[in-house]
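Novice: Take this structure first; my questions come after.
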DNA sequence: TATTGTTATACTCTATAACTATA
DNA sequence: TATAGTTATAGAGTATAACAATA
């Protein structure tokens, strides 16, 4: 006979995937934010540039939709990135209402710096995993990401 | 010869564990928040109750430390939980400055409801994984959680 | 004087709503 | 009239700082 709520067992809240993803994700996001703060970026800037790099969105409306944020937030993110020379805004000649964003060389370099920071954190975060565990984790996370239709990749 | 920044490859930002944990974690947290909103709770309330249940903290200061939030936030979370009869505040007779929080029966029931909600989301989220992939994922996440000294897990 | 809890205040983030330009 | 972008405003969430009670 077991406890109905199974407070310590594998059915308890802390053992669920959503709980662990939520808590680990929050910590991971904070670590990443701290790492890229030095180059003047926040995670959402990296997310926007990643969407541009992947070619899944170009106009600000498309970006807002893909990133799952309000259009007004894209304006501020793009302002910041344009101000530091990471992206360029060019009016779409076919529809002059649209601002098409493109990554500059500097933007690509910054995105590379973000990736390098992320890889350093990966090494730190996954130090306790064996190589095969790490591989399995990466594959599982990729499947989960695909399952929820992840905005930014 | 490869591109220096390897923008699409497995070294790129979207393929890192931190990036995927961050994005998936945010989605998971939102899903969980939406599920438990109906019972008047937010993820941080569940985290606080989980810490109480696990016995890793009792006073509000200890909770603030374990949860990684400001003491003033614990006051508000505890106010809310006390208001709905999920926790009790009792003064520590040995040190009357300390408020010791304890879960009530109703609090334990609510925590069980949170766990049930999380399990439902797990089923939905991990539908694309095989049983063995799921098991491997759970083990890996547990190791990562331990590695970062997770507050509430 | 130091510490726990509380209250008051301010800041960050983000969304909603109003506005401008273009279609 | 409808849409892309922008600006202005407002709300949620959380931290910092001041305060009260106890040690």
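What follows draws every value from the coordinates through simple rules; no lab data is involved. Values in this document were obtained by computation on a predicted structure and should not be read as measured data. When we count neighbours, we look across all protein chains shown, and the Cβ atoms used for this are built from the backbone with ideal geometry, even at glycine.
Novice: Neighbouring Cβ atoms within 10 Å as the yardstick, rank B:16, A:104 fewest first.
Specialist: A:104, B:16
Novice: Sticking with this structure for a sec: Taking residue B:72 in one copy and the same position in all the others, each labelled 7 Å out along Cα→Cβ, what are the pairwise distances from the first, in nm, shortest first?
Specialist: Inter-copy label distances (nm, one decimal, shortest first): 2.5.
Novice: Taking the rotation that carries B onto A, look along its axis and tell me which residue of B has the beta carbon nearest to it, distance in whole angstrom.
Specialist: B:25, 1
Novice: So, one more: Angle check, please: helix A:71-83 long axis (alpha carbons) against the longest principal axis of chain A (alpha carbons), in degrees 0 to 90, nearest 10.
Specialist: 70 degrees
Novice: Identify which of A:43, A:71, A:14 has the largest mean-square fluctuation in a Gaussian network model of chain A, with springs joining Cα atoms closer than 10 Å.
Specialist: In the Gaussian network model the winner is A:14.
Novice: Oh, and also: Quick check: the distance between the Cα centres of the stretch B:90-133 and the stretch A:106-153, to the nearest angstrom?
Specialist: Taking the Cα centre of each part, the stretch B:90-133 and the stretch A:106-153 sit 29 Å apart.
Novice: Please list the equivalent ellipsoid semi-axes of the protein assembly as shown, computed as the square roots of five times the alpha-carbon gyration tensor eigenvalues, in descending order and whole angstrom.
Specialist: Ellipsoid semi-axes (Å, largest first): 39, 22, 18.
Novice: If I build a Gaussian network model for chain B, linking alpha-carbon pairs within less than 10 angstrom, which residue out of B:47, B:83, B:22 has the largest mean-square fluctuation?
Specialist: B:22
Novice: Same structure again: What's the angle, to the nearest 10 degrees (0 to 90), between helix B:43-54's Cα axis and the longest principal axis of chain B?
Specialist: 70 degrees
Novice: Given the rule -39500 (n - 2.57) for each run of at least 4 DSSP H residues, summed and divided by the residues of chain A, what is its mean residue ellipticity at 222 nm, to the nearest 500 deg cm²/dmol? Provide the component values of the computation, followed by the final result.
Specialist: On the way: 6 runs with 91 residues, N = 153.
Only helices count here, giving -19500 deg cm²/dmol.
Novice: What residue among A:138, A:88, A:99 shows peak mean-square fluctuation when chain A is described by a Gaussian network model with Cα springs under 10 Å?
Specialist: A:138
Novice: Please report the Cα spread of the stretch A:1-115 along all three principal axes, rounded to whole Å, starting with the longest.
Specialist: Projected onto its principal axes, the Cα set of the stretch A:1-115 covers 71, 31, 21 Å.
Novice: Can you give me the pair-distance distribution of the stretch A:99-147, C-alpha pairs, 5 Å bins, whole percents?
Specialist: 5, 17, 14, 18, 17, 14, 9, 4, 1, 0
Novice: Relative contact order for chain B: what is it in percent, counting Cα pairs under 8 Å that are at least 6 residues apart?
Specialist: Rounded, it is 21 percent for chain B.
Novice: Further question on the same structure: Specify the inter-centroid distance of the stretch B:73-87 and the stretch A:31-86, based on alpha-carbon positions, in whole Å.
Specialist: So the two Cα centres are separated by 37 Å.
Novice: Can you tell me the 0 to 90 degree angle between the C-alpha axis of helix B:131-147 and the longest principal axis of chain B, rounded to 10?
Specialist: 60 degrees
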